[in-house]
1. Once phi is turned into ³J(HN,Hα) by the Karplus curve 6.51 cos²θ - 1.76 cosθ + 1.60 with θ = phi - 60°, what whole-Hz value does each residue of the stretch 70-77 show in order, with x for glycine and proline?
2. Any idea what diffusion coefficient the stretch 1-148 gets from Stokes-Einstein, in µm²/s, Kirkwood Rh on alpha carbon pairs, 20 °C, 1.002 mPa s?
3. Using only Cα atoms, locate the centre of the stretch 215-265 and the centre of the stretch 9-88, then give the distance between them in Å, rounded to an integer.
4. Could you point to the label whose value was computed as P(r) over Cα pairs in 10 Å bins from 0, in percent for the structure here, given [x] 5, 18, 25, 23, 17, 8, 3, 1, 0; [y] 6, 26, 33, 24, 9, 2; [z] 7, 26, 29, 19, 11, 6, 2, 0?
5. Calculate what fraction, in whole %, of the accessible area of the chain sits on carbon and sulfur atoms when a 1.4 Å probe is rolled over the protein chains.
6. Give the long-range amide H neighbours of residue 134: residues separated by 5 or more places, or on another chain, with amide H under 5 Å away, using H modelled in the peptide plane at 1.01 Å from N.
7. Could you give me the percent of Cα pairs per 5 Å distance bin for the stretch 1-43, shortest bin first, beginning at zero and ending with the bin that holds the maximum distance?
8. Assigning unit charges at the beta carbon (Lys, Arg +1; Asp, Glu -1) and nothing else, what dipole magnitude in debye, to the nearest 20, does the chain show about its Cα centre?
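The values are calculated or read from the model by the stated rules, or taken from the named source; none is laboratory data. A quick note: this is a predicted structure, and the numbers were derived from the prediction, not measured. Every residue, glycine as well, gets a Cβ built from its backbone with ideal geometry; the counts of neighbours run over all protein chains shown. For the accessible areas, the whole protein counts, side chains as well, though only heavy atoms, and no ligand, DNA or RNA atoms are used. Shrake-Rupley method; radii C 1.70, N 1.55, O 1.52, S 1.80 Å.
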Amino acid sequence: QIDTGGSVTGNNFVYGAASTLVVNTTVTVANTDPYWPISGPFNVTVMSGAGLTMNSANRTVNGIFQTAAGVTLTTSTLTLSGTCQINSGGFFLNTPTYTGTSTLVYNSGGSYTASNEWTGTTTIAGLGIPQNVTIQNGTALTMSAGVRAMAGNMNINSSSSLTLSATTLSNLIIGGNIAINSGSLDLGNTNDLTIVGNWTRSLNGTSFFPNSRTVNFNSNSGTHIITFTGGTETFFDIKVGGTSNTLRLGTDTDIVITGGNLYGLFLTSQNAIVDLNGRTLQFTNNALINCGSSTV
């Protein structure tokens, strides 16, 4: 732990497999600082009231990197292969790099607007593109303007929420599945959601607000399963894209599509399939079915 007034000289530290470096003051890590060599700690914690600046020091954290203060990357690359957790007071002034084993966790316990920690627009983990995203601990996450994408799965937990911007374009692309577990999802008024995997929402303690926006189920040769256990899931507008997609209702899930005036269910490929799986698909408000050459 580096506290106020603390300093380190001499040989590089050697860290064990379960080690944690705790930053409890404002520090600037240079490439030659012995307390954080290239072969550094497994976990890093930046405490509230502290601050971390990486100055020409490229580092990788394979365990948990969590911050309750500002993180600055000056001509530096911070690669996160495990968990990147943003606690209350934490933020990034520059964008980190994620690997395919990473999870970005929003844990602020209050309102937070997505910023430099998540900036990428493709579904391959890398600069500003996490593999997975979890919103927990009562965090109310709002997406700021721009398209954001992730490679893997999104989980909305613990009375937390995700709201896409109500005033500016902030489309979200999820490269895997979305699970709304004791949380809520609000698509805002100007945004669409694209999912490459499945949709799952718990019956109790969850909310979904489609707000006249489109949910795109889009993959190539994939099956998307919509599950709202024991309930009826309501969408405004659904598109099934890709070259050969199947949209399947869960074994105990019904769907209502409420879009009108040219909105409804759109199958954008002639090979797209909708499998009702013995359940009910209902259209209201003059919502349309546009099947093209597809199969229902």
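1. x, 10, 10, 10, 9, 6, 9, 10
2. Taking Rh from Cα pairs, D becomes 139 µm²/s.
3. 43 Å
4. Only one listed value fits the structure, namely [z].
5. 47 percent
6. HN-HN under 5 Å from residue 134: 104, 105, 106, 155.
7. 5, 24, 31, 28, 11, 0
8. Using Cβ point charges on Lys, Arg, Asp and Glu, the chain gives about 180 debye.
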